[in-house]
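First up is the structure itself, then whatever we jot down about it.
The values are calculated or read from the model by the stated rules, or taken from the named source; none is laboratory data. Every value quoted in this text rests on a predicted model; they were computed, and no experiment measured them. For neighbour counting, all protein chains shown are included, and Cβ atoms are generated from backbone atoms with ideal geometry for every residue, glycine included. The protein model used for the area step is the full one, side chains on, heavy atoms only, and it has no ligands, DNA or RNA in it. Shrake-Rupley method; radii C 1.70, N 1.55, O 1.52, S 1.80 Å.
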Amino acid sequence: MQASMFNVRVPLDKVDQSDGVFLMNTFTDAQLIVSRDVAALLDRLGSGAIAVTAEEGEALATLSEHGFIVDDRESERRNIEQFFREVREGTDQLRVTVLTTLQCNFACDYCFQGDHGDYNKFAAKMTMETAARVAEWTEERLDGLKPESFVLTLFGGEPLLNLPVAYYLAERLWRASQDRGVRMMLNVITNGLLLTPEVVDRLAPCGLNAVKVTLDGDRDTHNRMRPLRGGQGTFDKIIENVRRVAGKCRISIGGNFDETSVESYPALLDFLREQEFADKLARVAFKPIIREPKPQQPKGLIPLTVVGTQGKPLNGTCMTSAGGGTSICDSCNFLDEKMTFLREETKQRGFSTVDGVHMGPCEIHRQHAHTIGPDGALYACPGFTGDAQQQTGHIDGRREARLETAATRFEAIAAWKNCDDCAFIPVCAGGCSVAAHTELGDMNRPNCHKSSFEAGVVSLARDAATRELATIN
């Protein structure tokens with residue numbers, strides 16, 4: 001009998017004036033506030049047979065029930081192996097992310113590296129013929145997998161630049177899901193410029209779950225970071241669009257920051273808090289920008305080698321979406337304390353945000369999560385879209401050695417096996433594979449941001465202590 005390697009703790013005198021200890025087990029997700037005596041009792045385990053009082057025996061039974069105490073380390077390692085196997089092979093949900101187009105009406109310099117003039121002319125755009133094949137391919141997976149739920153995410157590029165395909169896929173796959181008794185959820189990741197009540201009204205009957213809109217800082221900062229191709233600002237139009245649809249669907253706000261923009265986010269949060277739609281925002285969360293490395297990289301920005309070809313990061317895949325959502329991608333490439341800073345600023349203003357701990361495992365670890373490019377190419381993760389070397393298949397079922405090699409490589413991803421006994425393995429899985437591939441040249445090497453997770457646990461401890469105090473009072 002010994003303490004679990006997935007235990008983490010925060011003495012509550014670090015976050016308030018109480019004398020207890022916050023315990024969390026990242027494998028079972030159990031969270032307890034205990035006395036220092038109980039924490040000390042946990043530390044005594046593993047040192048041989050120990051004599052315990054009846055009261056201590058009850059405490060040990062409770063700790064064991066919640067996974068804080070395990071039989072031995074080997075059984076725990078077998079359990080984590082089984083956990084990742086179940087994550088990969090789980091059949092309860094089918095997830096399909098479709099890039100309707102790689103075209104974009106914005107000129108974010110961190111996405112296109114200055115290639116703003118002709119990108120709409122040459123970037124790929126899904127045809128209706130390909131969309132029909134995507135729908136057929138998805139229906140085949142629904143029939144074979146028989147999942148409880150199906151999540152369809154539309155992104156790009158700017159997905160709303162190809163509304164005919166967006167509407168077609170949403171409506172056809174909604175009918176397919178209804179016919180099979182599968183619950184469908186539709187998500188849209190958009191820059192917000194083309195987000196209108198008419199678009200939302202058309203998609204709402206198709207299980208519209210949420211729309212994510214990107215704001216890169218306060219008004220002036222956003223307009224500098226995310227202008228139109230003609231240089232015009234976009235902030236005011238996006239805000240007006242959010243205002244018009246906020247009562248019609250769940251809206252999440254995302255944002256991409258770098259060393260020049262991160263300090264503007266509190267002003268953005270203050271602005272959002274003042275809007276009449278503030279209480280309708282489902283989530284607000286920000287992530288660092290992935291940039292091409294430069295000779296003199298600013299301090300605090302970890303460089304990434306560009307993924308893709310022709311000098312375009314991700315070959316046109318929108319970096320707003322790559323690494324978006326609940327994944328450790330959201331804390332790679334910038335100082336972890338900046339993520340903590342923005343998370344706390346967001347919470348202080350009453351917005352729901354990521355907690356900094358429950359960040360994974362992400363879709364790359366799930367066999368039945370797929371990303372489909374505009375040409376029908378298949379990828380294991382949106383972050384690899386556009387990189388032909390990382391293509392794992394095609395919706396037409398073609399068999400090519402390079403595709404099978406890539407698919408095998410992704411099926412074997414297990415960077416966490418190189419993380420020793422790190423307590424955050426269940427919620428991190430070794431970090432972002434895209435970041436590991438680009439930064440380290442090996443997607444199976446851990447991309448570690450342990451300090452960010454530790455800060456997240458401190459935040460959870462603070463919240464738990466606050467709730468306990470409120471209960472006592």
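How big is the equivalent ellipsoid of the stretch 73-209 along its three axes, where each semi-axis is √(5λ) from the Cα gyration tensor, reported in whole Å from largest to smallest?
Working through the eigenvalues yields semi-axes of 31, 22, 14 Å.
Between D92 and D236, what is the spin-label point distance in nm, taking each point 7 Å from the Cα along the Cα→C-beta axis?
So the two model labels end up 4.8 nm from each other.
For K338, go through the aspartates and glutamates and keep the ones whose alpha-carbon is under 13 Å away, minus same-chain ones fewer than eight residues off.
Candidates past the 8-residue exclusion: D258, E259, E263, D330.
Once you charge only the Cβ atoms, +1 for Lys and Arg and -1 for Asp and Glu, what is the size of the charge dipole of the chain about its Cα centre, to the nearest 20 debye?
1340
Please express the shape of the stretch 382-472 as an equivalent ellipsoid: the semi-axes are the square roots of 5 times the eigenvalues of the C-alpha gyration tensor, given largest first in whole angstrom.
38, 15, 11
In a Debye calculation with equal point scatterers on the alpha-carbon sites of the stretch 206-251 and no solvent, what is log10 I(q)/I(0) at q = 0.18, 0.21, 0.25 Å⁻¹?
Normalising to I(0) and taking log10 leaves -0.59, -0.73, -0.88.
How big is D, in µm² s⁻¹, for the stretch 1-71 by Stokes-Einstein at 37 °C and 0.692 mPa s if Rh is the Kirkwood radius over C-alpha pairs?
D, rounded to a whole number, is 266 µm²/s.
Tell me, what is the FRET efficiency for T62 and R243 to the nearest 0.05, using R0 = 60 angstrom and their Cβ-Cβ distance as r?
After rounding, the FRET efficiency stands at 0.75.
Taking only protein heavy atoms and a 1.4 Å probe, what accessible area per residue, in Å², does the chain have with all protein chains in place?
Per residue, the chain has 42 Å² of solvent-accessible surface.
Could you compute the FRET efficiency for D37 and R229, with r as their C-beta to C-beta distance and R0 at 60 Å, rounded to 0.05? Mind showing how you got there, number by number?
Numbers: r = 64 Å, r/R0 = 1.07.
After rounding to 0.05, the efficiency reads 0.40.
Just going by the charge dipole of the chain, with Lys and Arg at +1 and Asp and Glu at -1 on Cβ, which of G350, S261, Q31 is farthest out on the positive end?
S261
Among F235, A123, M184, pick out the residue whose Cα is farthest towards the positive end of the charge dipole of the chain, where Lys and Arg carry +1 and Asp and Glu carry -1 on C-beta, about the Cα centre.
Projecting each Cα onto the dipole axis, the largest value belongs to A123.
Assuming a ≥ b ≥ c are the square roots of the Cα gyration tensor eigenvalues, decide whether the stretch 181-221 counts as rounded (a/c under 1.5), prolate (otherwise, with a/b larger than b/c) or oblate. Walk me through the numbers on the way to the answer.
Values: a/c = 5.03, a/b = 2.14, b/c = 2.35.
The shape class here is oblate.
Between E129 and D201, what is the label-point separation in nm under the 7 Å Cα-to-beta-carbon projection?
3.4
Send over the Kirkwood Rh of the chain, from the inverse of the averaged 1/r over different Cα pairs, rounded to one decimal Å. Please report the intermediate quantities before stating the final value.
Details: mean 1/r = 0.0423 Å⁻¹.
Computed over Cα pairs of the chain, the Kirkwood hydrodynamic radius comes out at 23.6 Å.
Quick one: of K14/K287; K280/K347; K125/K237, which pairs are farther than 22 Å apart, Cα to Cα? Could you put the intermediate results ahead of the total?
Numbers: K14/K287 26 Å; K280/K347 15 Å; K125/K237 25 Å.
Over 22 Å Cα-Cα: K14/K287; K125/K237.
Accessible area of Y168, 1.4 Å probe, to the nearest 10 Å²?
Spelled out: Y168, probe radius 1.4 Å, area about 60 Å².
Averaging over every viewing direction, what projected area does the convex hull of the Cα atoms of the stretch 140-191 cover, in nm²?
Average of the hull's projected areas for the stretch 140-191 equals 3.6 nm².
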